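Bear in mind that the values in this text are calculations on the coordinates, not laboratory data. A quick note: this is a predicted structure, and the numbers were derived from the prediction, not measured. Ideal geometry is used to build each Cβ from the backbone, glycine not excepted, and the neighbour counts take in all protein chains shown.
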């Protein structure tokens, strides 16, 4: 259950509990950017059932129905750089300068 639909790219191998999903495969950096995008939230938020307290149920059966653009390794590397920069800035309390990192993502779309 979540209110905010947060997704994190983990390169450090953190442990998680039963409330988190681990997604593996190719181009997970692009997928992280896509899942955190306003476009994803706008288009697919209603695909996840609403629960008590205006939270959403994130479950594999709902994710399986979402179409995701297939990207090549070059594009994925571009998104990996952006995702890492965004997470580093957020981790260091510099999230106020994040909007400038979204320009390359918007131009990609």
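Observations
- Spin-label pair residue 22-residue 10: with each label point 7 Å from Cα along the Cα-Cβ axis, the two points sit 0.7 nm from one another.
- FRET efficiency for the residue 73 to residue 52 pair, using the beta carbon distance and R₀ = 35 Å, is estimated at 0.25.
- Summarising the label geometry, the points placed 7 Å from Cα in the beta-carbon direction at residue 61 and residue 90 lie 2.8 nm from one another.
- Of 45, 54, the sequence from fewest to most neighbouring Cβ atoms within 10 angstrom is 54, 45.
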